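Note sheet for the following structure.
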2 protein chains.
Amino acid sequence: MASTIEMKKLSSKNIVSPKGFTAAGVHCGIKHKKKDLAILVSDVPASVAGVFTTNAVQAAPLKVTKEVVYETKKMQAMIVNSGNANACTGKQGLADAYEMQRLAALKLGISENLVGVASTGVIGEIMKMEPIQTGMEKLIPDSKLENGIDFSQAILTTDTVMKNTTYSTIIDGKEVIVSGTAKGSGMIEPNMATMLGFITTDANIESDELQKALSNVTDCTFNSITVDGDTSTNDTVVVMANGLAGNEPLSPAHPDWENFYTALRLVSEDLAKSIARDGEGATKLIEVEVDGAISDEEARKIAKTVVGSPLVKTAVFGCDANWGRIIAAVGYSGAVVDPDKITIKIGGATMVENGEPIKFSEEVLIEILKQHEVKIYVSLEVGEGHGFAWGCDLTYDYVQINASYRS
Amino acid sequence: MASTIEMKKLSSKNIVSPKGFTAAGVHCGIKHKKKDLAILVSDVPASVAGVFTTNAVQAAPLKVTKEVVYETKKMQAMIVNSGNANACTGKQGLADAYEMQRLAALKLGISENLVGVASTGVIGEIMKMEPIQTGMEKLIPDSKLENGIDFSQAILTTDTVMKNTTYSTIIDGKEVIVSGTAKGSGMIEPNMATMLGFITTDANIESDELQKALSNVTDCTFNSITVDGDTSTNDTVVVMANGLAGNEPLSPAHPDWENFYTALRLVSEDLAKSIARDGEGATKLIEVEVDGAISDEEARKIAKTVVGSPLVKTAVFGCDANWGRIIAAVGYSGAVVDPDKITIKIGGATMVENGEPIKFSEEVLIEILKQHEVKIYVSLEVGEGHGFAWGCDLTYDYVQINASYRS
């Protein structure tokens, strides 16, 4: 297990790069102008894993996709729209989600129970199905890189940039690619967000093993980001693994398991961080690292609390080294802490050591806080727990975007 | 118990209006110009009750005040400063808080263990004690109404208005007055906030009974407001009851108990709502009422989650009837809900009934949302629990205020 991990980041590749995947994205008319309908297809039915919002109110498409993940346990395609979340739309909404599934299956000539559905956008409006029907005809899945890009663009809402990442690794001497794309960007909070994530890989792995790996990875990636503390009704991350790389089936017992797991983790972490960085109105990525908590879980909880504090977020926006707000957030996180052992650093600069304020240079701190990435480090010295969380600053633009989202 | 409750709101009175209370507030030099040092005094040692922040990191003055409340169990004066929270200031901070107690006791010629201390302002800066020493001499406690106003002004930080409220009731045929003053206004969250509250009454009641009453009242008043989800290190509400009204000692067995309890509750609710209304940058008070939860506690939890959602808060700021964000917040509150039974109203207008969206007039809703008070009603139909929470909209000004608080 201690062998080196084989890993390459492929910056020009995307979700169609693993063998046997095609995609398309078009404008169908749910949004005014931008692309709003997308399809992702595997040549063959793929192993599948999914994680979904913990919100008690779940959008209709989640019911459909969960059936594919948990009952069919294979997936061959995802049909995705942006502009309308198809959430809180009652019986009509559920009928519409099934209709999207049916239309995509019909188009591809595959079984309906192999097609997942995802929607993102405004909550509480009945889907317009006519644009979906006509748009479906315009979707021409292909393995060209530009088709992967079309897909990534068509799933966005208030995102300002596409989110893509791809790694290649070696399993049984063969190249295996893991690639992902995601959308944010408000309503982002631990335990999934108004976030859609789609990961493709040509690795050969059973659905059950894939699900275990995805669930583990999610805790320290997608569930460790927050934009505004709102957990959405639509959050979904789906992985399709179609096995076309031809490796022996993967499990933790496989000698190259760490290669695969690391690729999946890096794809998830890259997507999670890019979602946080592109939080609504954000100008900066904030990374909080916590060390010495009583458990990794508590470390992540504290990190999330700090990175989610509106007062910390506005201070970072304003380049104000207001570490008092950081220590206050540590204190109200609910985790076990000893106020006299807390050490806090911003960038490399120590602000507090063992609970006592340390004199620091405001000028140096302003320079640190002006960067596009701000790292906050908290040491607790009450245990061995370690964890990260990522978020973004709170800005005028966040208010502006969200005060008028529907209009 | 079912008799009518005697209650008058006295809009021109304040914390010096109950018999035997005096106060003063001056500028001592912690802040640039505004008043920043205040004292509240009872002619005789008073029964006392207090509630304090649940933050694991607590400011030095809280230790001092808790000793008075829990050990002395009598209080005769509170010394309060604004501009510096004396939080995260280590051993020096604690020494400074005790020094403030000592100086106030010396000035008044009373025992040190009868003097509570409260501080509010920036976290993590060592107190300047010289202004406190010289300011102490300028404090001339008096029962004139303007002295009560001076006190209320001197405890403010980013508050835009003073917060005062006074009720009179009848106990044993005698007039009893309960009056309170508070400061907000950011870092306000259930379980106390960067909030100071001081309540005076001339009622005769033992400290233990007073503590029980205050704790009960706090759950559905001070702990039911949120501005930004940040729980501060300094939150304190203290009640002094000096007994000078001359009534028989109060307890729930007293025939006029409800009169006293209601006065205490109304004072607390008025202060809590005025803090929410004056949240940093706020333009509107948001009241959320939840009905039909499985318990009153769960109802309050849901109400707080909705009123604390940044997406709900920005939508209210933008007069956007985005009820989808309300139902999403209900869903992620962690409370027991049945999505198909949720009904949501904004103002009087029904947006969702039994989980299904209802057509509504955007024009009517914009008018409702333009008001200075916006009421959101959520019905769950899963139990009998009922509760309220109060908050405010999230605005450009919140970001502006908090991006540059220390500067």
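The values are calculated or read from the model by the stated rules, or taken from the named source; none is laboratory data. Computed from a predicted model, the values in this text were never measured in an experiment. Because the Cβ atoms are built from the backbone with ideal geometry, glycine has one as well, and the counts that use them run over all protein chains shown.
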**Q.** Enumeration of residues in the range B:63-93 that are farther than 14 Å from B:GLY121 by Cα, at pLDDT 90 or above and in contact with a strand residue (DSSP E or B) (Cβ under 6 Å, 6 or more places away or on another chain)
**A.** B:VAL64, B:THR65, B:VAL68, B:VAL69, B:LYS74, B:MET75, B:GLN76, B:ALA77, B:MET78, B:ILE79
Q) Which ones in the range A:33-62 are in contact with a strand residue (DSSP E or B) (Cβ under 6 Å, 6 or more places away or on another chain) and either surrounded by fewer than 21 Cβ atoms within 10 Å (Cβ to Cβ) or β-branched (Val, Ile, Thr) (or both)? A) A:ILE39, A:VAL41, A:PRO45, A:VAL48, A:VAL51, A:PHE52
Q: May I ask you to verify whether B:GLY135 is surrounded by fewer than 16 Cβ atoms within 10 Å (Cβ to Cβ) and closer than 22 Å to B:MET75 by Cα?
A: no
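Let's see how each residue does on (1) more than 14 Å from chain B (Cβ to nearest Cβ); (2) touching a residue at least 40 places away in the same chain (Cβ under 8 Å); (3) within 24 Å of the chain's Cα centre (by Cα):
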| position | (1), (2), (3) |
| --- | --- |
| A:ALA118 | yes, yes, yes |
| A:GLY121 | no, yes, yes |
| A:LYS128 | yes, yes, no |
| A:GLY135 | yes, yes, no |
| A:GLY148 | yes, yes, yes |
| A:THR158 | no, yes, yes |
| A:ILE170 | yes, yes, no |
| A:LYS174 | yes, yes, no |
| A:ILE177 | yes, yes, yes |
Q. Quick one: in the range B:68-86, which of the residues that are surrounded by fewer than 24 Cβ atoms within 10 Å (Cβ to Cβ) and of a type in the set (Ser, Thr, Tyr) is nearest to the chain's Cα centre (by Cα)?
A. B:TYR70
Q) If you scan the range A:41-76, which residues turn out to be away from every other protein chain (no Cβ under 14 Å), under 15 Å from A:LEU196 (Cβ atoms) and in contact with a Pro (Cβ under 8 Å, 6 or more places away or on another chain)? A) A:MET75
Q. Looking at (1) more than 22 Å from A:SER42 (Cα to Cα); (2) surrounded by 17 or more Cβ atoms within 10 Å (Cβ to Cβ); (3) not acidic (Asp, Glu), can you tell me which one A:VAL115 breaks?
A. (1)
(Q) Looking at (1) over 30 Å from A:GLU175 (Cα atoms); (2) under 24 Å from the mean Cα position of the chain (by Cα); (3) at pLDDT 95 or above, which one does A:TYR98 not meet, given that it meets all the others? (A) (2)
Q: Check the range B:75-91 and report whether any residue there is hydroxyl-bearing (Ser, Thr, Tyr), over 22 Å from A:MET351 (Cβ atoms), touching a Ser or Thr at 6+ places or on another chain (Cβ under 7 Å) and not in a helix (DSSP H, G or I).
A: yes
Q) Where residues in the range B:317-376 are buried (at least 23 other Cβ atoms within 10 Å of the Cβ) and polar (S, T, N, Q), which of them is nearest to A:PHE52 (Cα to Cα)? A) B:SER333
Q: Would you mind finding the one in B:ASP202, B:ASP208 that is among the acidic types (Asp, Glu), away from chain A (no Cβ under 14 Å), more than 15 Å from the chain's Cα centre (by Cα) and crowded, with 24+ Cβ neighbours inside 10 Å?
A: B:ASP202
Q: Please work out which residue is surrounded by the most Cβ atoms within 10 Å (Cβ to Cβ), limiting yourself to the range A:87-112 and to residues that are touching an Asp or Glu at 6+ places or on another chain (Cβ under 6 Å) and closer than 28 Å to B:ASN354 by Cα.
A: A:GLN101
Q. Just wondering, is there one or more residues in the range B:301-312 that are free of Cβ contacts under 8 Å to residues at least 24 places away in the same chain, within 14 Å of another protein chain (Cβ to nearest Cβ), aliphatic (A, V, I, L, M) and within 14 Å of B:LYS375 (Cα to Cα)?
A. no
Q: Examine the range B:236-254 for a residue that is crowded, with 20+ Cβ neighbours inside 10 Å, within 30 Å of B:TYR398 (Cβ to Cβ) and within 14 Å of another protein chain (Cβ to nearest Cβ), and state whether such a residue exists.
A: no
**Q.** Checking B:PRO18 against (1) more than 20 Å from the chain's Cα centre (by Cα); (2) not in a strand (DSSP E or B), the condition it does not meet
**A.** (1)
Q: Would you be able to tell me the number of residues in the range A:353-385 that are within 21 Å of the chain's Cα centre (by Cα) and away from chain B (no Cβ under 14 Å)?
A: 3
(Q) Out of everything in the range A:320-350 that is at the interface with chain B (Cβ under 9 Å from one of its Cβ atoms), touching a residue at least 40 places away in the same chain (Cβ under 8 Å) and not small (Gly, Ala, Ser), what residue ends up being farthest from B:VAL57 (Cα to Cα)? (A) A:ASP320
Q.
Looking at A:ALA403 and the list (1) at the interface with chain B (Cβ under 8 Å from one of its Cβ atoms); (2) among the hydrophobic types (A, V, I, L, M, F, W, C); (3) in contact with a Pro (Cβ under 9 Å, 6 or more places away or on another chain), which single condition is not satisfied?
A. (3)
Q.
Here are the criteria: (1) surrounded by fewer than 22 Cβ atoms within 10 Å (Cβ to Cβ); (2) modelled with pLDDT under 95; (3) within 21 Å of A:ALA272 (Cβ to Cβ). Tell me which single one A:GLU125 does not satisfy.
A. (3)
